[in-house]
Amino acid sequence: MGRAIVVTSGKGGVGKTTTTANLGVSLALMGKKVCLMDLDIGLRNLDVILGLDNRIIYDIVDVASGEAKLRQALVKDKRFDSLYVLPAAQTTNKDSLTPEQVKTIVDELQQEFDYVFIDCPAGIEQGFLNAIAGADGAIVVTTPEISAVRDADRVIGLLEQHPLDDQPKLVINRIRKNMMDNGDTMDIDEITQHLGIELLGIVVDDDAVIRTSNHGEPIVMDPDNQASQGYRNIARRINGETVPLMQIDDTKESKQSFWSKLGNLFSKKD
Amino acid sequence: MKAVSLKGTKNGYELVLDEAASFTDSIAELTDLLAKLDHDYPTKRMHLDIITGNRLLNDAQRDEIHRLFANYKHLLINGISSNVITIAEAKRIRESENVHVIYQTIRNGQEFTVTGDVLFLGTIHEGGKLVTSGNIYVLGSVHGVIQAGAPNSEDKFIVGDLHTAQQIRIGEQFDIVADKQIKGSFQNVAYVNNLHILDYGKIGELKQINPKFYNRIGGVQ
Ligand SMILES: Nc1ncnc2c1ncn2[C@@H]1O[C@H](COP(=O)(O)OP(=O)(O)OP(=O)(O)O)[C@@H](O)[C@H]1O
Ligand SMILES: [Mg+2]
């Protein structure tokens, strides 16, 4: 039985789909059988950043409604024989899936794959409940921005109310070292401590991520890129290896934390 | 032994339903008694307290008594009272007088609602909310909204360090903490003053702030 992991965040645009695609490719590179499920119904993206959008015949709603067999709807990756995508539907009807239907599909995929990643839509409504329905564990993606961290907190609260087998784990994406060093954003320890869940890994902000996604070639294909290494480390930790947290180069001398800096801003000078 | 007896008291009349008698007997006697009162004093207005002793009447039984009285305009029920309460009611009372120890993280969007006093050892994140009808003693950290005396008791207070909270609410009064200068000290007490405004003091001033509470916890006069 493989493990099903939902990739979620609350806030939109923090990198759920990018994370799902890159973890999928990393684990496929490691020889694992991986299926990526796109549950962002109506806003299908996962296939695009993997460059597979031209190969879609059926989608998850076709499978749920019985119009297609699961096997028929799975799209095989063009690079790896062990990587598949189950595309989202492009319908606008948000009630076109139920949690039970999703769970049935996830259960079936788990029979065949080592890892099933579920790309969750933004928000905390039905789409979120569908996405977590069949999962054993969750990856909560946030960026260092306060609004993203707030939404991650909200989602972790919801995951505590609908507990999965494994505790949720944290990925901090789009880290900009200079801003963090200057105390303009919360730093890694502050975010992890605040959210109170285990840190699974960090990924730097890098234009190459956007560039490669635009070409349907996930960044992890480039072994020398720092964002790629971040995703590869996360994949290895998911696979049970112990990998030390990556150092984003040198550290500046007098680093001031985000909170103490905020404190300075607001404290009165008397 | 009579199933129903009528007594005059300082404040009017007491109608005692003997707890050992069957309810059917009590109703039969009560029917006769009311008819007799009506016959003997057809115009005298009487207010009666109905006492049921160690018996608890159910709703149907209460209704039956009310229906009997409805036949007589001048005979009125002040109230029906008993020495005993149901287990459910007892639990509710105990619940509301208990100090609840809460050791939990209340996250963004979560609302934790309690009845009674709270000893809070957890963390309230930004956007999280702790709401209770009683007082709150904070030893944890508060970055969200904290409310004592919900929905509208102004005689409650919150003790503890609240300077990092988003909002402090007591009864219907609230403060946006960012707009105030609230000192960061576990000795602080937030309360509603005589002008119905949220105010802040020190634990040492509790006697002046809330004499009733001070006496209840055994403060020395
Ligand atoms: N580490 C990164 N560095 C630079 N850009 C990134 C990084 N991660 C994601 N992005 C970019 O951020 C944008 C949003 O990413 P993505 O679509 O993965 O987010 P999402 O959480 O899936 O969004 P949605 O909520 O809309 O589904 C994309 O343009 C993506 O290329
Ligand atoms: Mg997405």
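What the table shows:
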{"quantity": "Candidate set: the range A:130-161, residues that are within 14 Å of chain B (Cβ to nearest Cβ) and of a type in the set (Ser, Thr, Tyr); chosen: the one most open to solvent (accessible area, probe 1.4 Å)", "calculated": "A:147"}
{"quantity": "Search result, residues across the range A:44-73 that are part of a loop (DSSP other than H, G, I, E, B), more than 15 Å from ligand 1 (Cβ to nearest atom) and open to solvent by 40 Å² or more (accessible area, probe 1.4 Å)", "calculated": "A:57, A:58, A:65, A:66, A:67, A:69"}
{"quantity": "Residue A:155 near ligand 1 (Cβ under 10 Å from one of its atoms) and within 27 Å of residue A:240 (Cβ to Cβ)", "calculated": "no"}
{"quantity": "Residues satisfying the stated conditions in the range A:206-216, i.e. open to solvent by 50 Å² or more (accessible area, probe 1.4 Å) and under 17 Å from the mean Cα position of the chain (by Cα)", "calculated": "A:210"}
{"quantity": "Which listed residue, of B:52, B:43, is farther than 30 Å from residue B:140 by Cβ and surrounded by 13 or more Cβ atoms within 10 Å (Cβ to Cβ)", "calculated": "B:52"}
{"quantity": "Filter result for the condition that a residue is closer than 23 Å to residue B:106 by Cβ and in contact with a Lys or Arg (Cβ under 7 Å, 6 or more places away or on another chain), over B:122, B:184, B:127", "calculated": "B:127"}
{"quantity": "Tally of residues being farther than 13 Å from residue A:195 by Cα and either within 14 Å of chain A (Cβ to nearest Cβ) or modelled with pLDDT under 95 (or both) across the range B:114-126", "calculated": "5"}
{"quantity": "Wholly enclosed helices (runs of 4 or more DSSP H) of the range A:79-198 bearing at least 1 residues farther than 23 Å from residue A:63 by Cα", "calculated": "A:146-161, A:177-181, A:188-195"}
{"quantity": "First in the range A:199-217 and within 14 Å of chain B (Cβ to nearest Cβ) and free of Cβ contacts under 8 Å to residues at least 40 places away in the same chain, second anywhere and within 16 Å of ligand 2 (Cβ to nearest atom) and open to solvent by 10 Å² or more (accessible area, probe 1.4 Å), Cβ under 7 Å, 6 or more apart", "calculated": "none"}
{"quantity": "Residue ID - farthest from residue A:174 (Cα to Cα), chosen from residues in the range A:10-42 that are more than 13 Å from ligand 1 (Cβ to nearest atom), surrounded by 24 or more Cβ atoms within 10 Å (Cβ to Cβ) and aliphatic (A, V, I, L, M)", "calculated": "A:34"}
{"quantity": "Residue count for the range A:98-129, restricted to those that are within 26 Å of residue A:151 (Cα to Cα), open to solvent by less than 10 Å² (accessible area, probe 1.4 Å) and away from every other protein chain (no Cβ under 14 Å)", "calculated": "7"}
{"quantity": "Answer from A:40, A:53 - the residue that is within 18 Å of the chain's Cα centre (by Cα) and acidic (Asp, Glu)", "calculated": "A:40"}
{"quantity": "Single condition residue A:7 does not satisfy, out of (1) of a type in the set (A, V, I, L, M, F, W, C); (2) more than 16 Å from ligand 1 (Cβ to nearest atom); (3) in contact with a Ser or Thr (Cβ under 8 Å, 6 or more places away or on another chain); (4) under 21 Å from residue A:239 (Cβ atoms)", "calculated": "(2)"}
{"quantity": "Residue among A:170, A:195, A:164 that alone is open to solvent by less than 40 Å² (accessible area, probe 1.4 Å) and within 13 Å of chain B (Cβ to nearest Cβ)", "calculated": "A:195"}
{"quantity": "Considering residues of the range B:131-155 that are more than 26 Å from residue B:89 (Cβ to Cβ) and in a strand (DSSP E or B) only, the residue farthest from the other protein chains (Cβ to nearest Cβ)", "calculated": "B:137"}
{"quantity": "Among the candidates A:191, A:175, residue that is without any contact (Cβ under 8 Å) to a residue 60 or more places away in the chain and either in contact with a Pro (Cβ under 7 Å, 6 or more places away or on another chain) or more than 16 Å from ligand 1 (Cβ to nearest atom) (or both)", "calculated": "A:191"}
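The values are calculated or read from the model by the stated rules, or taken from the named source; none is laboratory data. These numbers were taken from a predicted model, which means no experiment stands behind them. Counting neighbours? That spans all protein chains shown, and the Cβs are built from the backbone with ideal geometry, glycine included. Heavy atoms of the whole protein, side chains included, go into the accessibility calculation; ligands, DNA and RNA do not. Shrake-Rupley method; radii C 1.70, N 1.55, O 1.52, S 1.80 Å.
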